[in-house]
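Inspection log for the structure reproduced underneath, given as structure tokens.
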Amino acid sequence: MRLYAIAVYLFLYIPLGVIVLFSFNAGRHASDFRGFSVKWYGAALSNPFVMDALTTSLVVAFTTAVLASLFGTSAALALQRVQGRLRAIYDAMIYVAIMIPGIVIGIATLIALVTVFDFLNPLLEAVWPMAMGEVPRLNLGYASLIAAHTLFTMALVIVIVRARIAGMDRALVEASADLYATPWRTFLQVTLPQIYPAILAGFLLSFTFSFDDFIIAFFVAGFETTLPIYVFSSIRRGVTPEINAIGTMVLGTSLTLLIFAQFLLRGRGRAAAGR
Amino acid sequence: MQGKWINRLLLTPATAWFLVMLVLPLVVVVVFSFGERGAAGGYVPAFTFDQYANLPARFTAFKNTLLLAPTGTVAALLVAYPLAYFLAVKADPRFKTLLLILVIVPFWTSILIRTYAWIFILGGRGIPLLLELIGIEGVRLINTPFAVLVGIVYGYLPLMVFPIFVSLEKLDKRLLEASSDLGAPPFRTFRQVTLPLSIPGVATGCMLVFILLMGEFLIPALLGGGKVFFIGNALVDLFLQSRNWAFGSAVAATLVVVMLVTVSLYMRLMMRGAGQREDVSLL
């Protein structure tokens, strides 16, 4: 059993090791190791296209994670008290949002938004007051990236938080109400501490999803380039150690974030125990 | 009365998102799938079934997807289950969190970069070179269905392990003790107690992996070398290269229908087997 686990861990980590190893390749061709060098990190970090793509990805992922955990949690809390046909409609929408492949969301959003924008832009041009300066043009970009990523991640947060609420001890909420706590106070002191790990998990999953997503972004990014889009087009042009250097940095960032999240979770647990 | 308004307020953003970013785009896809292609690409309004009649033109993509997505899901499940079991039941509690994090960390790096790693490993200077050293020559791994399958298992393993781990972790360990106290050998305890109770996790994991695989584009694009063509690859081609929105919409609509039918059949089977609805209340 233990041997099996070790084998799976090797399977999971050897490819990452290969990426890291070849990021230090002094040679020009990625698969031919010619001595140790960090020059590709310098190349990646001084490449304005890489830095632009990274900024775009971080902004989009962070905004997506905030919106998804906020809206997802509030929807999960509200849905507790929604019954009957309305509940079934929401469940169906959550189900479809999660079920549908990212690629379908990508193309559907692309053609829907382009069609809507083609309709709205002339209208906007006609009614825009001169005094307010240049007429804005609706286009694919940050907003469409964030909006499309938030759909899936919000549904994910709803499911995660709802599962946590379902597993929660109802008696505590009732006890709190019996002891004359206001609903808001019950939420802050009873519900929130119990669902907090689920919200944080939802936030982290949302960030990850958005930061990693290639396929939806590929369709709805417009003239923007996210990091995965940049890497994909680089691979298409040829395998270089620069891609490995970017990959290694992405791995490093993720690790830091994950440790940070773990620290947060533990800190909370201790504080709760101390009280 | 006040509670009702708060509830509505809490639901507003989610509702808006579902309507504008999910319902509207899907309606557009369905409408466009009955339209025609414009002379310069895009869409021209019409009402015709021509696009659907033309679907057999992409038969290979459908066939590859419907063969490799279930195969990949089962392969990922077979690799993931023992690991999830080890983590939830056998692992030292002190290291459990760390070990779980180690499974999830690869999932934190982009699937693109993880798939890219396999271009090295399966490519000419990777495993084939090692095999040559021990005398096995002429093995080609990259750009084959096998490479795509390896990429699938590698990419989706964490997603499969996690829900199974959660369901096994929730499982009351006293049930296992009770079973062994009553004289059941370990395998029987596993088959009659552990396995049935972990079915919701298995179902969730399979569902997640299968859905993502149905729309997979990257893994076949990078490891299949254009020879293993999925529906996802056909869609990218139709929307971004040939700009045939009407036919592309028909392919996408068909993909969604095939997927929903398969998944709902599958879930129904799973639920009957487990007799437990709670974890899949989503459906």
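The values are calculated or read from the model by the stated rules, or taken from the named source; none is laboratory data. Because the structure is a prediction, the values reported are computed rather than measured. Backbone-built Cβ (ideal geometry, glycine too); neighbour counts: all protein chains shown.
Summary table
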item	result
Residue check, residue B:257 out of contact with any Lys or Arg (no Cβ under 6 Å at 6 or more places or on another chain), surrounded by fewer than 22 Cβ atoms within 10 Å (Cβ to Cβ) and either more than 21 Å from residue B:116 (Cα to Cα) or in contact (Cβ under 8 Å) with a residue 40 or more places away in the chain (or both)	yes
Which listed residue, of A:107, A:160, A:94, is part of a helix (DSSP H, G or I) and either more than 10 Å from chain B (Cβ to nearest Cβ) or touching a Lys or Arg at 6+ places or on another chain (Cβ under 8 Å) (or both)	A:160
Restricting the stretch A:77-91 to residues that are under 13 Å from residue A:158 (Cβ atoms) and not hydroxyl-bearing (Ser, Thr, Tyr), the residue that is farthest from the other protein chains (Cβ to nearest Cβ)	A:87
Residue in the stretch B:202-223 that is assigned to a helix (DSSP H, G or I), over 22 Å from the mean Cα position of the chain (by Cα) and either surrounded by fewer than 23 Cβ atoms within 10 Å (Cβ to Cβ) or modelled with pLDDT under 90 (or both) present	no
Helices (runs of 4 or more DSSP H) lying entirely in the stretch B:1-93 (those with 1 or more residues that are over 27 Å from the mean Cα position of the chain (by Cα) and of a type outside the set (A, V, I, L, M, F, W, C))	B:2-18, B:50-53
Total residues in the stretch A:24-51, condition part of a helix (DSSP H, G or I) and not charged (D, E, K, R)	10
Condition check for residue A:54: at the interface with another protein chain (Cβ under 7 Å from one of its Cβ atoms), under 23 Å from the mean Cα position of the chain (by Cα), closer than 30 Å to residue A:241 by Cα and in a helix (DSSP H, G or I)	no
Residue A:136, sole failed condition from (1) in a loop (DSSP other than H, G, I, E, B); (2) within 23 Å of residue B:252 (Cα to Cα)	(2)
Residue check, residue B:139 outside any helix (DSSP H, G or I) and on the phi < 0 side of the Ramachandran plot	yes
Meets criteria (in contact with a Lys or Arg (Cβ under 8 Å, 6 or more places away or on another chain) and surrounded by 13 or more Cβ atoms within 10 Å (Cβ to Cβ)) for residue B:83	no
Residue among A:53, A:75 that is among the aliphatic types (A, V, I, L, M) and either in contact with a Gly (Cβ under 7 Å, 6 or more places away or on another chain) or closer than 30 Å to residue A:223 by Cβ (or both)	A:53
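This table checks each residue for (1) more than 7 Å from chain A (Cβ to nearest Cβ); (2) within 26 Å of residue B:228 (Cα to Cα); (3) among the aliphatic types (A, V, I, L, M).
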| position | (1), (2), (3) |
| --- | --- |
| B:22 | no, no, yes |
| B:44 | yes, no, yes |
| B:57 | yes, yes, yes |
| B:113 | no, yes, yes |
